[in-house]
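The values are calculated or read from the model by the stated rules, or taken from the named source; none is laboratory data. A quick note: this is a predicted structure, and the numbers were derived from the prediction, not measured. Heads up, the Cβs are rebuilt from the backbone with ideal geometry, glycines too, and the neighbour counts pull from every protein chain shown. SASA here: full protein model, heavy atoms, side chains in, ligands and nucleic acids out. Shrake-Rupley method; radii C 1.70, N 1.55, O 1.52, S 1.80 Å.
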Amino acid sequence: MAAAAVALAAATAASRRSWRHLFRWRVPSSRAPCGLVCSTRGLSGGNEYDLLVIGGGSGGLACAKEAADFGKKVAILDYVVPSPRGTSWGLGGTCVNVGCIPKKLMHHSALLGSAIRDAHHYGWDVAPLAQHDWGQMAEAIQNHVKSLNWGYRVQLQERKVRYFNMLGSFVNEHTVRGVTKAGKETVVTADHIVIATGGRPRYPDDVEGAQYGITSDDLFWLKKSPGKTLVVGASYVSLECAGFLTGLGLDATVMMRSIPLRGFDQQMALLVTDYMEAHGTKFLKHCTMKKLEKLEDNRLRATWTNHEEGREEASIFDTVMWAVGRVPETRSLNLEKVGVKLHPGSQKIMVNASEATSVAHIYAIGDITEGRPELTPTAILAGKLLARRLFSQSTELMDYDNVPTTVFTPLEYGSVGLSEEEAEKRYGQENLEVYHAYYKPLEFTVAERDSSQCYIKMVCLRERDQQILGLHFIGPNAGEVIQGFALGVKCGATYSQMKRTLGIHPTSAEEVIKLWITKRSGLPSTITGC
Ligand code: FAD
Ligand code: NDP
């Protein structure tokens, strides 16, 4: 203990020395309540910073940068604990390093494979069975991600936001202790503290040998192809990853214990998995993993229970990837010390409409918060709005309704608003009008691609102008399609207004504008011709 205290004091003093030249507004150091030497005591309210953000991901960076743009003195702590397999990355959080960005680029790489297969129909003299080089793709994507890491550091520097590459934990409600990789400690004090520490993939605790599996934290940083892969789980992460692995020519299997894409419109979700199944992804339905064993050649033998057949089954894979949800990063924060309340089930932080936690001056945004969507744009806007409320007299709250989203499966699924099931629950089936259509994207025709799952559904209120409650689109570029319509839905657009909107011809998005067949009518819902 004594040695640790000496090391800690030395580290803190060293850190104080190394900071001194950075600030012109030098203030004498003082003692933090924990007894550590505190180099950051200072200005307003006796705290060095106006704002300290813990977590440099989508939400934390947005909040810190916005506050700095108001001339506030801001610090941000970000630290990546390596995955159990030892994978680590730079500043920017989940989305940039192990989420949206590498995922979308790998998805794009897979789509290019489909384009190559289409190409000869359009006159290109290319071999339809071109081989994919994982190493080359991964290196290019990883280099792009590293450039983004660097870009974030530059953006912080430009705004004079102090960046600490340290793991933060609370000492008291205005004081956070940061620890570097090398174990050096520093104490930072701030008037306001925002927790934006996100989450990490969960490993199941009831599967023998679970540690032999990887997670999405590792997949995007693999230098070599994962080979024959089993992905466990059936939500966004699982289906997207299994989808692009299949598209890259790998043998990919999804193990699904219940339904796909829980929370999404289930008619749409099943079309998504139908398409995947028809295009090479294997599905083990109603199955749960029992154990993983590592074989001499490093491959993995997976044993699972098939609940439908009532028997145990096994197979051998090169890689098993867990995509069974995420654990909020609240564990290392010492929140019990300051009394920030967690949801007893999810262990996420409880916040009110203004993102305030149970402790004054401590806020939380993004994936770490209970009941919010786990999406980058929501984390970013929540962070910006919070900074504006704290430092610029704004009263605008984050609106979590009608959040658009897209699942980047081989055939993409974009949606905004309510699923048909949720709309029925809220308004009753008799009060809804559901317009729908199967359609054929023009680019599928010449290439003779199967469009059986290209489907659009608009869920509206039945009365008067028929306000649109939910819009669901499966097809190419679903994210691009839904993004525009999201504005309409957010503004309370009605079916009548949609019918007065002109399409852009020839696009898949115009099929939304053309919807006229109701489910109630029972008419065939397949559109042919222009
Ligand atoms: P994060 O981005 O997770 O950032 C938290 C940061 O805090 C991390 O850098 C973490 O290391 C750090 N940290 C944690 N604890 C501490 C501590 N004690 N001290 C210091 N630092 C700490 N969303 C979309 O909108 N579109 C997508 O296409 C999409 N794809 C995804 C694909 C995958 C595979 C995954 C896993 C997620 C995807 N998401 C997507 C979700 C999106 O990545 C998250 O919603 C978003 O990153 C959340 O941002 P955040 O700021 O809350 O947390
Ligand atoms: P989710 O929590 O959404 O889903 C977890 C999945 O794992 C479910 O299918 C669940 O099945 C299954 N599961 C849970 N425990 C087990 C178990 N023990 N054995 C087998 N299966 C299990 O997690 P994700 O990691 O997929 O996604 C996290 C969040 O990240 C999403 O909610 C989303 O907001 C965000 N994200 C967004 C993306 C995008 O915008 N495109 C892409 C990827 C992620 P069950 O339904 O039976 O519980």
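Could you look through region 39-62, keep only residues that are at pLDDT 60 or above and surrounded by fewer than 24 Cβ atoms within 10 Å (Cβ to Cβ), and pick out the one that is nearest to the chain's Cα centre (by Cα)?
In this case the residue turns out to be ASP50.
THR369: within 18 Å of ARG202 (Cβ to Cβ) and within 15 Å of ligand 2 (Cβ to nearest atom), yes or no?
The answer is yes for THR369.
Can you give me the number of residues within region 484-503 that are in contact with a strand residue (DSSP E or B) (Cβ under 9 Å, 6 or more places away or on another chain) and assigned to a helix (DSSP H, G or I)?
Number of matching residues: 8.
Mind listing whichever residues of region 407-447 are under 12 Å from LEU471 (Cβ atoms) and within 14 Å of ligand 2 (Cβ to nearest atom)?
Once the filter is applied, which keeps residues that are under 12 Å from LEU471 (Cβ atoms) and within 14 Å of ligand 2 (Cβ to nearest atom), region 407-447 yields TYR413, GLY414, SER415, VAL416.
In region 131-152, which residue that is surrounded by fewer than 13 Cβ atoms within 10 Å (Cβ to Cβ) and in a loop (DSSP other than H, G, I, E, B) is farthest from the chain's Cα centre (by Cα)?
Among those residues, the one meeting the criterion is GLN131.
If I filter region 78-89 down to residues being buried (at least 17 other Cβ atoms within 10 Å of the Cβ) and within 9 Å of ligand 1 (Cβ to nearest atom), which single residue comes out as farthest from GLY209 (Cα to Cα)?
For region 78-89, the residue satisfying everything is ASP78.
Is one or more of the residues making up region 194-201 more than 14 Å from ligand 1 (Cβ to nearest atom), surrounded by 21 or more Cβ atoms within 10 Å (Cβ to Cβ) and among the polar types (S, T, N, Q)?
There is no residue in region 194-201 that is more than 14 Å from ligand 1 (Cβ to nearest atom), surrounded by 21 or more Cβ atoms within 10 Å (Cβ to Cβ) and among the polar types (S, T, N, Q).
From ARG389, ARG372, ARG331, grab the single residue that is open to solvent by 20 Å² or more (accessible area, probe 1.4 Å), out of contact with any strand residue (DSSP E or B) (no Cβ under 9 Å at 6 or more places or on another chain) and outside any loop (DSSP other than H, G, I, E, B).
When all the criteria are applied, what remains is ARG389.
Can you run down the residue pairs with Cβ atoms below 6 Å, 6 or more apart or on separate chains, where the first is in region 396-425 and within 16 Å of GLN266 (Cα to Cα) and the partner is away from ligand 2 (no atom under 11 Å from the Cβ) and among the hydroxyl-bearing types (Ser, Thr, Tyr)?
LEU411/TYR275
Filter region 275-310 down to residues that are basic (Lys, Arg), under 28 Å from the mean Cα position of the chain (by Cα) and open to solvent by 80 Å² or more (accessible area, probe 1.4 Å) and give me whichever is farthest from ligand 1 (Cβ to nearest atom).
Restricting to residues being basic (Lys, Arg), under 28 Å from the mean Cα position of the chain (by Cα) and open to solvent by 80 Å² or more (accessible area, probe 1.4 Å), the top hit is LYS290.
Check whether at least one residue in region 444-453 is open to solvent by 50 Å² or more (accessible area, probe 1.4 Å), modelled with pLDDT of 95 or more, part of a strand (DSSP E or B) and not charged (D, E, K, R), and report yes or no.
Looking for residues that are open to solvent by 50 Å² or more (accessible area, probe 1.4 Å), modelled with pLDDT of 95 or more, part of a strand (DSSP E or B) and not charged (D, E, K, R), one finds none in region 444-453, hence no.
Identify all residues within region 153-187 that are within 14 Å of ligand 1 (Cβ to nearest atom) and either surrounded by fewer than 15 Cβ atoms within 10 Å (Cβ to Cβ) or part of a helix (DSSP H, G or I) (or both); write none if there are none.
ARG153, LEU156, LYS181
Give the residues of region 118-170 that are farther than 29 Å from VAL80 by Cα and touching a residue at least 60 places away in the same chain (Cβ under 8 Å), sorted by residue number.
Those that are farther than 29 Å from VAL80 by Cα and touching a residue at least 60 places away in the same chain (Cβ under 8 Å): ASP118, HIS121, TYR122, GLN131, HIS132.
Looking at PRO377, PRO404, which one is within 16 Å of ligand 1 (Cβ to nearest atom) and either among the basic types (Lys, Arg) or surrounded by fewer than 17 Cβ atoms within 10 Å (Cβ to Cβ) (or both)?
From the options PRO377, PRO404, the qualifying one is PRO377.
Among the residues of region 454-473, which ones are part of a strand (DSSP E or B) and either over 20 Å from GLU421 (Cβ atoms) or in contact with a Cys (Cβ under 7 Å, 6 or more places away or on another chain) (or both)?
GLN467, ILE468, LEU469
How many of the residues in region 244-262 are within 11 Å of ligand 2 (Cβ to nearest atom) and touching a helix residue (DSSP H, G or I) at 6+ places or on another chain (Cβ under 9 Å)?
Final tally of qualifying residues: 7.
Filter region 248-267 for residues that are out of contact with any Ser or Thr (no Cβ under 7 Å at 6 or more places or on another chain) and crowded, with 24+ Cβ neighbours inside 10 Å and give the result.
MET255
Taking ILE468 as the residue in question, decide whether it is surrounded by fewer than 19 Cβ atoms within 10 Å (Cβ to Cβ), of a type in the set (A, V, I, L, M) and over 29 Å from HIS121 (Cα atoms).
Taking the combined requirement at face value, the residue does not satisfy it.
Filter region 179-231 down to the residues that are of a type in the set (Asp, Glu) and within 16 Å of ligand 2 (Cβ to nearest atom), then identify the one that is nearest to LEU390 (Cα to Cα).
Going through the qualifying residues, I end up with ASP217.
Hey, can you tell me all the residues within region 356-365 that are closer than 19 Å to ALA68 by Cα and open to solvent by less than 50 Å² (accessible area, probe 1.4 Å)?
Correct list: ILE362, TYR363, ALA364, ILE365.
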